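Colleague: Below you will find the structure I want to go over with you.
Derivation of every value follows stated rules applied to the coordinates shown; laboratory data play no part. Source: prediction; values computed, not measured. For neighbour counting, all protein chains shown are included, and Cβ atoms are generated from backbone atoms with ideal geometry for every residue, glycine included.
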Amino acid sequence: MSGAPIEIHGYAIVTDDDRIAGPDGETPIALRNEADWLNFQRELDRADLVVLGRRGHQANPNVKGRRRLVISNSAAGLEAREGEIWWRPAAVSWPDVAAALLPKGGRVAVPGGQGVFDLFLAIGYDAFHLTRGLGVIAPGGRALFSACDRRASAETVLTEAGLQPRETRILDKAANIVLTVWRKS
Ligand SMILES: NC(=O)c1ccc[n+]([C@@H]2O[C@H](COP(=O)([O-])OP(=O)(O)OC[C@H]3O[C@@H](n4cnc5c(N)ncnc54)[C@H](OP(=O)(O)O)[C@@H]3O)[C@@H](O)[C@H]2O)c1
């Protein structure tokens with residue numbers, strides 16, 4: 001395992017009922033907000049590695065050429081494929097991945113989806129950038145964390161993971177888009 005310092009940052013925009021996507025599997029229109037998107041892009045520019053699920057990878061081509069780690073059960077372990085790095089967590093542990101890809105440490109951005117958010121909840125976030133689209137709901141949609149399907153709010157899950165709300169910013173007043181950054185206490 002690498003002893004180099006690694007910071008893991010999660011990023012999500014959610015509805016009042018803690019959904020990242022509607023029942024159709026798509027991000028609700030009301031959560032597609034320009035101010036949030038620009039903030040998110042600036043954050044990704046600061047990352048040394050962006051880790052996302054296979055569906056998110058396929059839906060969002062890597063136009064900026066960021067260093068991407070795609071999680072999929074179709075990967076044998078940790079492998080180079082189609083210009084990205086692919087990873088099957090059941091085959092290779094995170095400490096081994098971190099030691100191989102970030103030997104000098106660095107900043108990791110985790111933009112989901114749910115399986116990826118759950119995976120890094122177990123590994124440990126140093127920060128979670130939780131944006132809320134206030135007044136938006138998506139019943140039957142995809143929850144941020146699987147625990148949110150068992151009635152735990154995103155805030156409860158983050159608190160139980162040892163994070164605390166440190167800073168809140170209104171990203172778009174007219175659209176009721178509010179960001180809270182949770183950090184390890
Ligand atoms: N609002 C937000 O902030 C936000 C954030 C993220 C995503 N979304 C939206 O949510 C929807 C998709 O989310 P999603 O959760 O269904 O998709 P996703 O995480 O992008 O992709 C799911 C796939 O990732 C792989 N995967 C995830 N966790 C894994 C694990 N622990 N081990 C092995 N493979 C794993 C699997 O790929 P294989 O099938 O290849 O094995 C799985 O089918 C999209 O509409 C997306 O735009 C919204």
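Colleague: Could you please give the count of residues in segment 24-36 that are part of a helix (DSSP H, G or I), farther than 15 Å from GLY10 by Cβ, in contact with a strand residue (DSSP E or B) (Cβ under 9 Å, 6 or more places away or on another chain) and within 12 Å of the ligand (Cβ to nearest atom)?
Modeller: Residues in segment 24-36 being part of a helix (DSSP H, G or I), farther than 15 Å from GLY10 by Cβ, in contact with a strand residue (DSSP E or B) (Cβ under 9 Å, 6 or more places away or on another chain) and within 12 Å of the ligand (Cβ to nearest atom): 2 in total.
Colleague: In segment 1-46, how many residues are small (Gly, Ala, Ser) and crowded, with 21+ Cβ neighbours inside 10 Å?
Modeller: Final tally of qualifying residues: 3.
Colleague: Write out, first by first residue and then by second, each pair whose Cβ atoms fall under 7 Å of each other, whose residues are 6+ apart or on separate chains, and whose first residue, in segment 20-46, is without any contact (Cβ under 8 Å) to a residue 60 or more places away in the chain while the second is hydrophobic (A, V, I, L, M, F, W, C) and surrounded by 12 or more Cβ atoms within 10 Å (Cβ to Cβ).
Modeller: From residues that are without any contact (Cβ under 8 Å) to a residue 60 or more places away in the chain, the pairs are THR27/ILE20; THR27/ALA21.
Colleague: So is VAL116 near the ligand (Cβ under 8 Å from one of its atoms) and surrounded by 12 or more Cβ atoms within 10 Å (Cβ to Cβ) or not?
Modeller: Against the criterion (near the ligand (Cβ under 8 Å from one of its atoms) and surrounded by 12 or more Cβ atoms within 10 Å (Cβ to Cβ)), VAL116 qualifies.
Colleague: Looking at PRO165 and the list (1) surrounded by 15 or more Cβ atoms within 10 Å (Cβ to Cβ); (2) part of a strand (DSSP E or B), which single condition is not satisfied?
Modeller: The number of the failed condition is (1).
Colleague: Separate question: Applying the selection to segment 128-146, what residues are within 17 Å of the chain's Cα centre (by Cα) and surrounded by fewer than 17 Cβ atoms within 10 Å (Cβ to Cβ)?
Modeller: Selection gives SER146 alone.
Colleague: Checking the structure you have, find out if any residue of segment 148-164 is within 11 Å of the ligand (Cβ to nearest atom) and more than 15 Å from the chain's Cα centre (by Cα).
Modeller: No, there is no match, as no residue in segment 148-164 is within 11 Å of the ligand (Cβ to nearest atom) and more than 15 Å from the chain's Cα centre (by Cα).
Colleague: Give the residues of segment 51-75 that are of a type outside the set (Lys, Arg) and more than 12 Å from the ligand (Cβ to nearest atom), sorted by residue number.
Modeller: Passing the criteria: PRO61, ASN62, VAL63, GLY65.
Colleague: Also: Can you tell me how many residues within segment 83-113 are surrounded by fewer than 16 Cβ atoms within 10 Å (Cβ to Cβ), over 20 Å from ALA4 (Cα atoms) and within 13 Å of the ligand (Cβ to nearest atom)?
Modeller: Of the residues in that region, 3 qualify.
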